[in-house]
Amino acid sequence: MKILITGHKGFIGSGLWDRLSWDYELEGIDLKEGKDILTADLPKVDLVIHLAGIGGVRESLADPKKYWENNVEGTRRILEHYQNTRVLVAGSSSQYEPHLNPYAASKHLIESIPHPNVVFMRFHTVYNEEARTGMFFDKLFKGTLEYVTDHERDFIHRDDLLDAIEIIINKDNLYSAFDLGTGKTICIKDIVPSLPVRSGTVGERAITKAKTKYFEEATGWKAKIDVRDFLQKNDERIRNLYSVK
């Protein structure tokens, strides 16, 4: 099978590329290599995994046009070009409340783009030891967090997410859209209780919690890594960074 991965140099895409390169012929499109999904040549493949796009709530409030062009128009181009090819698309838990910010709106809108064989994977908050630059865990482990919030988040480890994507690749009777998360939440303020708490952050969902029943029953997959266990393993490191006694 020949697979196209868009965004293959990103946080999720790079991990997926490393896994799949052993078993599949891969093609990649990524801005980090000077290839834009809006203009790049689209190769003939057997499967597309569309991960390219722009994340970030606050950034989307500052520049909504960029999110429309990259997330909506970019996805539209992929889906319209590959009408006869199965396409797996990186969705988001944010799409449940599209009114909150342009990023959420863009992820909600792409699920309305018609395609006969598309799967929208609604990622919840993905993390690992080397999280994407600028995201919560990246700041946490760099010691640059200035505050925490009272939001509750469903954090899914990248390894669990990649396991799920591999299952989806090989299970072609999955369709439509479903959540990929743990089905559990943790309150952000509990992670670093020494930091000040900021409430009412503009554009943010109060709670994200994956509805895992459909995917677990359809595939037998279940997240193996609990973020609380992950944080416990890194407890000393976090305490040292934030002077928690």
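How large is the charge dipole for segment 141-245, taken about the Cα centre, if only the Cβ atoms of Lys, Arg (+1) and Asp, Glu (-1) carry charge, to the nearest 20 debye? Show your work: numbers first, answer last.
Details: 18 positive and 18 negative charges, 72 e Å.
So the magnitude is around 340 debye.
Beta bridges from DSSP with both residues in the chain: antiparallel share about 5 percent, rounded to the nearest 5. Each label point was placed 7 Å from the Cα along the Cα-to-Cβ direction; for E129 and R19 their separation is 1.8 nm.
The mean sequence distance of close C-alpha pairs (under 8 Å, at least 6 residues apart), as a share of the length of the chain, puts its relative contact order at 16 percent. The angle between the Cα long axis of helix 158-170 and the longest principal axis of the Cα atoms of the chain comes to about 20 degrees, rounded to the nearest 10.
Here the accessible area of the chain is 47 percent carbon and sulfur, with a 1.4 angstrom probe and all protein chains present.
The simple Förster model, with R0 at 30 Å and r as the Cβ-Cβ distance, assigns T201 and D159 a FRET efficiency of 0.55. Using only Cα coordinates, the Kirkwood hydrodynamic radius of segment 1-143 works out to 15.6 Å. The label point for D172 and the one for E69, both projected 7 Å from the Cα toward the Cβ, are 3.7 nm apart.
Starting with the highest mean, order 46-53, 183-190 by the number of other Cβ atoms within 10 Å, averaged over the residues of each peptide. Walk me through the intermediate numbers first.
Numbers: 46-53: 23.1, 183-190: 17.2.
Packing order, densest peptide first, comes out as 46-53, 183-190.
State in Å² the accessible area per residue of segment 1-156; use a 1.4 Å probe, count heavy atoms of protein chains only, and round to the nearest integer.
On the way: 7120 Å² over 156 residues.
Accessible area per residue, segment 1-156: 46 Å².
Kirkwood's formula applied to the C-alpha pairs of segment 156-224 gives a hydrodynamic radius of 14.2 angstrom.
Each Lys and Arg contributes +1 and each Asp and Glu -1, all at the Cβ; summed about the Cα centre of the chain, the dipole is approximately 520 debye. Between the helical axis of 11-20 and the longest alpha-carbon principal axis of the chain there is an angle of about 50 degrees. Under 17 Å from a point 7 Å along the Cα-to-Cβ line of A218: which residues of segment 61-90 have their amide N that close? Backbone N within reach: 86-90. Helical runs assigned H by DSSP (4 residues or longer) give the chain a calculated mean residue ellipticity at 222 nm of -8500 deg cm²/dmol, each run adding -39500 (n - 2.57) before division by the residue total. With r as the distance between the Cβ atoms of K32 and Y96 and R0 = 41 Å, compute the FRET efficiency 1/(1 + (r/R0)^6) and round to 0.05. Efficiency for this residue pair is about 0.85.
First measure r as the distance between the Cβ atoms of S243 and L61, then evaluate 1/(1 + (r/R0)^6) with R0 = 30 Å and state the FRET efficiency to the nearest 0.05. Please report the intermediate quantities before stating the final value.
On the way: r = 32 Å, r/R0 = 1.07.
Calculated value: 0.40.
Packing order of peptides 128-141, 103-116, highest average first: 103-116, 128-141 (average count of other Cβ atoms within 10 Å over each peptide's residues).
Magnitude of the charge dipole for segment 1-98, about its Cα centre and with charges confined to Cβ atoms of Lys, Arg (+1) and Asp, Glu (-1), is about 80 debye. Working from Cα pairs under 8 Å separated by at least six residues, relative contact order for segment 1-117 is 25 percent. Selection among A164, T144, N117 by position relative to the dipole of segment 115-173 gives N117 as farthest towards the positive end (Cβ unit charges, Cα centre).
The values are calculated or read from the model by the stated rules, or taken from the named source; none is laboratory data. Because the structure is predicted, anything quoted here is derived from the model rather than measured. Please note: Cβ atoms are built from the backbone with ideal geometry, for glycine as well, and neighbour counts cover all protein chains shown. For the accessible areas, the whole protein counts, side chains as well, though only heavy atoms, and no ligand, DNA or RNA atoms are used. Shrake-Rupley method; radii C 1.70, N 1.55, O 1.52, S 1.80 Å.
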